[in-house]
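Peer 1: Quick one: structure below, then a few questions.
Just so it is clear, none of the values below were taken in a lab; they were calculated from the coordinates. What you see is a predicted model; the values in this text were computed from it and never measured. Cβ: placed from backbone, ideal geometry, glycine included. Neighbour counts: every protein chain shown.
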Amino acid sequence: MSLSSPLSTDTRLRVSEIFFSIQGESSRAGLPTVFIRLTGCPLRCQYCDTTYAFTGGEWLSIGDIVEKTGAHPARWVTVTGGEPLAQSDCLELLRRLCDLGYGVSLETSGALDISAVDQRVMKVLDIKTPGSGEHRHNRFENLAFLDAKDEIKFVICNRDDYDWAKEILNAHRLTERVAVLFSPSSAQQDATSLGEWILADGLAVRLQLQLHKILWQDARGH
Ligand code: SF4
């Protein structure tokens, strides 16, 4: 993969970390992936495991980010956070990564407008459940900008969350439009019960376990 495009640009983003690991979520789980974690998030989900990304990090030009990404032997790149779209220049970063030929995915909270995200990017969009404490920020207008390559993720904290998510699935006919992931909140919801509920209801959703946590627990840089 060529990284010969200009590396100098005035556009800068605040970056929490860039690292090479195994993708732990979505249909790309298991793939070696470079993660670009941008600083900042307007939400405060009670289960958040990346609170260190709310502040700090360093300002890097998009050229610098591309150079650091290219130092790893990866075909896939995930832009995550925090909430990456909280920095508007994230859109330019996504475009640049796509232009370079990477398979790019974006992990976003669902609280900010996704309409201007490059069409080549696979969007993994959260719908926040009541158990997150932040479901009032769900921006359901975003659903109009998803297509078949995109995915929706619900983090399930308890049975009430599961029942709520089922209602949202039906109300928006989500499983007819995109892949839907149900992921247990690791400290609150046991995965076996969630799997049994999904089977009992015959839901066309994917039970998602966070592969990176199985491999490396909560260690930074993975
Ligand atoms: S949206 Fe993501 S990064 Fe932001 S508080 Fe919630 S879990 Fe944490």
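Peer 1: Gain in length, Thr11 to Lys149, computed as 0.36 nm per residue apart minus the alpha-carbon separation, to one decimal in nm?
Peer 2: Separation in residues times 0.36 nm, less the Cα-Cα distance, equals 46.8 nm.
Peer 1: What does the C-alpha gyration tensor say about the overall shape of segment 177-222? Classify as rounded when a/c is under 1.5, otherwise prolate if a/b is larger than b/c, or oblate.
Peer 2: oblate
Peer 1: Additional query: By DSSP, what percent of the beta bridges with both residues in the chain are antiparallel, rounded to the nearest 5?
Peer 2: About 30 percent, rounded to the nearest 5.
Peer 1: Here is a further query. What distance in nm separates the two pseudo spin-label positions at Trp76 and Arg136, each 7 Å out from Cα along the beta-carbon direction?
Peer 2: Between Trp76 and Arg136, the label points sit 3.7 nm apart.
Peer 1: May I ask for the angle, rounded to the nearest 10°, between helix 90-99 and the longest principal axis of the chain, with both axes built from Cα atoms and the value confined to 0 to 90°?
Peer 2: Approximately 70 degrees, to the nearest ten.
Peer 1: Right, something else. Please state the relative contact order of segment 58-201 as a whole percent: Cα pairs under 8 Å, 6+ residues apart?
Peer 2: Over segment 58-201, the number comes to 16 percent.
Peer 1: Note the full-extension length gain between Ala191 and Arg177 as 0.36 nm times their separation in residues minus their Cα-Cα distance, in nm to one decimal.
Peer 2: 2.6 nm
Peer 1: With labels modelled as points extended 7 Å from the Cα through the Cβ direction, what inter-label distance (nm, one decimal) is found for Cys98 paired with Tyr52?
Peer 2: It is 3.1 nm.
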